[in-house]
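These notes are about the structure you will find just below.
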Amino acid sequence: MHRPIIGITSDYADGYDNQYPTLLTYRLKSSYIKAVELAGGIPIIIPFGSNTTGVEEIVSKIDGLIISGSRDDIDQYFLGKSKICPQKNATLRHAFEFSLTSSAIDKGLPVLGICGGMQLINVLFGGTLIDDIPSHTGSRIHKKKYFDMAHKIKIYTKSHLFKALNKKELKVNSTHHQAVNFIPSFFKITAIAEDGIVEAIEYSSNQLIIGVQYHPEALIRYKQHLKLFEYFIKKARRK
């Protein structure tokens, strides 16, 4: 059976080791790699560069795109709240991901955004973000450990997420302080947390463009969380 090639965007560290403490280093949690492999795909890590050239060539070589979680918030520049785009690793990464994601969608590839990746998809299409959940809602359930369950989510039945998991309710982890706020009209909310925070969004078309706020790759020891990657791989195989 054909194993689709899945591109996964990389995060970064500001240093390599004690000998090279300021050397930019690309990194990605191994859980992303394992999730794609177990689901039947071939994972390829995509590093960001100092510009956005080459994204079309990258997209031409992959069958699906996963936008991984980010250590940094999306800069105010990308939300239209600042006219200056700081030239730092965080903005270089996100500028690259905006371009890469847009190209992947134009090519009809399935796209999965995880945590910060979901927020990036929302902003790409004109959505906004809640800057800080505790300050905005007073809720404290979204800052837990990566591998631990934090809360439940309610999944709407008319969604790709429900088709993938066949569940109306799911326990998830949570490692974020921002969340999506305004959702573009051509997207729909497909899951919410117990406190009303949006946990999943999807593009309202046949093309699979989906974002989840939690980290399913950290929970693939549970079959229901691996199912999302299996569903995504199936879509990538058919593209």
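Under 8 Å between Cβ atoms, which residue pairs at least 6 apart in sequence (or on different chains) link something in region 1-25 that is farther than 30 Å from Leu109 by Cα and assigned to a loop (DSSP other than H, G, I, E, B) with a partner that is among the hydroxyl-bearing types (Ser, Thr, Tyr) and at pLDDT 90 or above?
Pairs found: Asp14/Thr22; Asp14/Thr25; Gly15/Thr22; Gly15/Thr25; Tyr16/Thr25; Leu23/Tyr16.
List every residue pair whose Cβ atoms lie under 6 Å apart, where the two residues are 6 or more positions apart in sequence or sit on different chains, the first residue falls within region 171-198 and is under 14 Å from Gln213 (Cα atoms) and without any contact (Cβ under 8 Å) to a residue 24 or more places away in the chain, and the second residue, located anywhere, is among the basic types (Lys, Arg) and surrounded by fewer than 19 Cβ atoms within 10 Å (Cβ to Cβ).
Lys171/Lys152
Sort out which residues of region 52-72 are free of Cβ contacts under 8 Å to residues at least 12 places away in the same chain and polar (S, T, N, Q), and write them in order of number.
Thr53
Among the candidates Ala35, Ala39, Ala104, single out the residue that is in contact with an Asp or Glu (Cβ under 6 Å, 6 or more places away or on another chain), more than 17 Å from Val212 (Cα to Cα) and surrounded by 17 or more Cβ atoms within 10 Å (Cβ to Cβ).
Result of the check over Ala35, Ala39, Ala104: Ala39.
Please find, among Ile84, Ile133, Ile62, the residue that is β-branched (Val, Ile, Thr) and within 24 Å of Lys29 (Cα to Cα).
So the residue among Ile84, Ile133, Ile62 that is β-branched (Val, Ile, Thr) and within 24 Å of Lys29 (Cα to Cα) is Ile62.
In the list Lys152, Lys239, which residue meets the criterion of being at pLDDT below 95, touching a strand residue (DSSP E or B) at 6+ places or on another chain (Cβ under 8 Å) and either surrounded by fewer than 15 Cβ atoms within 10 Å (Cβ to Cβ) or among the charged types (D, E, K, R) (or both)?
The match here is Lys239.
So, in region 175-227, of the ones that are polar (S, T, N, Q) and under 17 Å from Thr157 (Cβ atoms), which residue ends up nearest to the chain's Cα centre (by Cα)?
By that ranking, first place goes to Thr190.
Being touching a Leu at 6+ places or on another chain (Cβ under 8 Å) and either at pLDDT below 95 or buried (at least 18 other Cβ atoms within 10 Å of the Cβ) (or both) is the filter here; which residues of region 169-185 pass it?
Val172, Asn173, Gln178, Ala179, Val180
Residues checked against (1) touching a strand residue (DSSP E or B) at 6+ places or on another chain (Cβ under 7 Å); (2) surrounded by 23 or more Cβ atoms within 10 Å (Cβ to Cβ); (3) over 24 Å from Ile133 (Cβ atoms):
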| residue | (1), (2), (3) |
| --- | --- |
| Gln19 | no, no, yes |
| Leu23 | no, no, yes |
| Pro47 | yes, no, yes |
| Val55 | no, no, yes |
| Gly64 | yes, yes, yes |
| Gly69 | yes, yes, no |
| Phe78 | no, no, no |
| Gly116 | no, yes, no |
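Checking Thr52 against (1) assigned to a loop (DSSP other than H, G, I, E, B); (2) out of contact with any Ser or Thr (no Cβ under 7 Å at 6 or more places or on another chain); (3) under 22 Å from Ile114 (Cβ atoms), which test does it fail?
(2)
Only one of Gly113, Gly69, Gly117, Gly127 is over 23 Å from Lys29 (Cα atoms), of a type outside the set (Phe, Trp, Tyr) and either in a loop (DSSP other than H, G, I, E, B) or modelled with pLDDT of 95 or more (or both). Can you tell me which?
When all the criteria are applied, what remains is Gly127.
Only one of Gln178, Gln224, Gln207, Gln213 is touching a Pro at 6+ places or on another chain (Cβ under 8 Å) and not aliphatic (A, V, I, L, M); which?
Going through Gln178, Gln224, Gln207, Gln213 in turn, just one is touching a Pro at 6+ places or on another chain (Cβ under 8 Å) and not aliphatic (A, V, I, L, M): Gln207.
Where residues in region 145-162 are in a loop (DSSP other than H, G, I, E, B) and within 18 Å of the chain's Cα centre (by Cα), which of them is nearest to Tyr203 (Cα to Cα)?
So, considering only residues that are in a loop (DSSP other than H, G, I, E, B) and within 18 Å of the chain's Cα centre (by Cα), the one nearest to Tyr203 (Cα to Cα) is Ser159.
Among the residues that make up region 82-99, is at least one of them modelled with pLDDT of 95 or more and surrounded by fewer than 16 Cβ atoms within 10 Å (Cβ to Cβ)?
No, region 82-99 contains no residue that is modelled with pLDDT of 95 or more and surrounded by fewer than 16 Cβ atoms within 10 Å (Cβ to Cβ).
The values are calculated or read from the model by the stated rules, or taken from the named source; none is laboratory data. For clarity, every value in this text was computed on a predicted model and none was experimentally measured. Every residue, glycine as well, gets a Cβ built from its backbone with ideal geometry; the counts of neighbours run over all protein chains shown.
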